[in-house]
1. When both residues are 6+ apart or on different chains and their Cβ atoms are under 9 Å apart, which pairs have a first residue that lies in the stretch 69-97 and is within 15 Å of Gln425 (Cα to Cα), and a second that is surrounded by fewer than 17 Cβ atoms within 10 Å (Cβ to Cβ) and polar (S, T, N, Q)?
2. Could you check His433 against (1) assigned to a loop (DSSP other than H, G, I, E, B); (2) over 18 Å from Gly76 (Cβ atoms); (3) not β-branched (Val, Ile, Thr) and say which number it fails?
3. Conditions first: (1) of a type outside the set (A, V, I, L, M); (2) surrounded by 20 or more Cβ atoms within 10 Å (Cβ to Cβ); (3) part of a loop (DSSP other than H, G, I, E, B). Thr120 passes all but one, so which condition is the exception?
4. Is it the case that the stretch 54-69 has a residue that's of a type in the set (A, V, I, L, M, F, W, C) and more than 17 Å from the chain's Cα centre (by Cα)?
5. Can you name every residue in the stretch 399-441 that is of a type in the set (D, E, K, R) and surrounded by fewer than 20 Cβ atoms within 10 Å (Cβ to Cβ)?
6. Those residues that are under 15 Å from Gly396 (Cβ atoms) and buried (at least 22 other Cβ atoms within 10 Å of the Cβ), I need them from the stretch 57-98; list them, please.
7. Does Leu372 satisfy the condition of being assigned to a helix (DSSP H, G or I) and either touching a strand residue (DSSP E or B) at 6+ places or on another chain (Cβ under 6 Å) or at pLDDT below 95 (or both)?
8. Show the residue pairs meeting these rules: Cβ distance below 8 Å; 6+ apart or different chains; first residue within the stretch 190-204 and without any contact (Cβ under 8 Å) to a residue 60 or more places away in the chain; second residue exposed (fewer than 15 other Cβ atoms within 10 Å of the Cβ).
Amino acid sequence: MKSGTLTCHYMSVTPEPDSALWQKRFWQLLAAVFIARIGVMLLFVNGADLAGDEAYYWDWGRRPDWCYFSKPPMIGWMMGVIGWLTGNAEWGIRFAALLLGTVTLVIIHRIALVLFDAKTAFLTALLVVLTIATAGLNLLLTIDAPLLVCWTLGLLLFWFAAQKPTCNVRWLALALVIGIGTLSKQMMLAFPALMLLFAAVSREDRALLRNPRMWVAIVAGMAFIIPVLRWNQEHAWITLEHTKHHFDTKELGVGRWIGRTLENVGLQALIYTPVTFVALVAAMLAAIKQRKQVTRPVLFLLLASAPALTCFAVLALRQRINPNWPAAFFVPAFVLAAAWMRGLLPTKANPGWQKWSLRVGGALVVILHLLLVIVFATDLKGINKLASIRGWREAGVEAQKFLDQVPRRGKTFVMALGHRYHAAQMAFYMPSHPRVYRWEPSGTVQSQYEIWPGPEERIGDDALILLPSEEEEMTLSPEVADAFEKVERLENIRIPLGQETREFGVYLGHNLKSWKAVGTK
């Protein structure tokens, strides 16, 4: 072995004569799943509006910046590009989610193929496809979609770089992916720790700790966070303050504590399907038990999953964990589980694990998609649980009619009261896509709308004010009403949603006299 290099050592698995067949089967599976999901996507677009966060991120995309209230900038930038390419079409956002989910699946398959063999790679992809988590990832565009692309690609590139540590191009590509991931979600900042852990534990890779290329890749990748930090410095570290709220805890009785802890485990078991979830844990435990005998690829996957997932399990003992938080660390666990089921670990799995993981996962995913078809193809879409993602399109059209009839159309802005989703949904679903302002009664920054300039930049203009029905008696707050020379009550917007109704009181404020900007005393 040459000085400063590592030999290309893969797990000693005899190449399968039918490797090409299994790769062909993967591409057939991918095509079938993609086509099926296109159909589900179109059905979903026809029967449901954007989720609140999707509309909120879309509004971010209209004002590109280096960071936003609660997230790094990538989701806003993506939404801006999607809106520009598709004319702010709802299907464009849905299709982007599907496309990113598909790319992630291809990369996961590639990781398993490089580390093991084609049959293991196919099984990995199949296990991933047959989860509720993957179905959701391909329907809703959130910050997890770009993060998972970057995380999985980062795993693959780091393995390639470790195989040929003198190759500058591989380290440069890895640095770029770490950087883009960092701009997607803060979780990517944990990726360098994964790299260092593997280099420290794997005997064959300890030379990486002395390799300046790895350190340059880490520093260069993490340097992408600098403009985000500068933005936060200019905005009182608002993203950090928001993130801290995720770790707030409150005292619970023993019964409620047990319930919350079981809820955390139950949600993970549900979205990854129960048998598969247990198989993931069992595979990690099997690798830990035989850690001195495992091969380098198995060690890589184990270190990329088990330590972080253990930390989340401990954290779940003190607070509620959002199911998406540990998602990136489950990716290598899926590859590890597939290898375990295939007998590629020192401790071999019982054949029943693979059989029942696929059967139960397949059954749950089929049931989920059948439910989506039944719900969105029938009147069942009017059930209460779906009210939050329905009725916005119709409400936006009705609000636009009021805006088109105001006496000073060019001098009238739109303001939505209540939750930030009200402003975001109206901005998206009003056909003219107006700039929608929001009033925050606390006078503090609670969303991106309070970071952007508020109605104080519209002094002298009129305002079409939308007051949601959940506000008490649908009466304007004196703080809002007194800011105008006169406030005129118009009609209501009422959109029936089965047993629910989406309703807004509509007011016209004449001549904004003054407005107290958020944060001013």
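1. Hits for this filter: Ile93/Thr86.
2. Single failed check for His433: (2).
3. For Thr120, the failing item is (3).
4. Initial filter on the stretch 54-69 (of a type in the set (A, V, I, L, M, F, W, C)): 55, 58, 60, 66-67, 69.
From what is left, the residues that are more than 17 Å from the chain's Cα centre (by Cα) are 66.
So far as the stretch 54-69 goes, yes, one or more of its residues are of a type in the set (A, V, I, L, M, F, W, C) and more than 17 Å from the chain's Cα centre (by Cα).
5. Lys401, Asp404, Arg408, Arg409, Lys411, Arg435, Glu440
6. Here is the first cut: in the stretch 57-98, the residues under 15 Å from Gly396 (Cβ atoms) are 58-59, 88-90.
If the condition is that a residue be under 15 Å from Gly396 (Cβ atoms) and buried (at least 22 other Cβ atoms within 10 Å of the Cβ), then Trp58, Asp59 are the ones that fit.
7. Details: assigned to a helix (DSSP H, G or I): yes; either touching a strand residue (DSSP E or B) at 6+ places or on another chain (Cβ under 6 Å) or at pLDDT below 95 (or both): yes.
So Leu372 passes the test.
8. As it stands, the answer is Leu196/Leu209; Ala199/Arg206; Ala199/Leu209; Ala200/Arg206; Ala200/Leu209, since those pairs meet every condition given.
The values are calculated or read from the model by the stated rules, or taken from the named source; none is laboratory data. Here the structure is a predicted model, which is why all the values come from computation and not from measurement. Neighbour counts run over all protein chains shown; Cβ positions are idealised from the backbone, glycine included.
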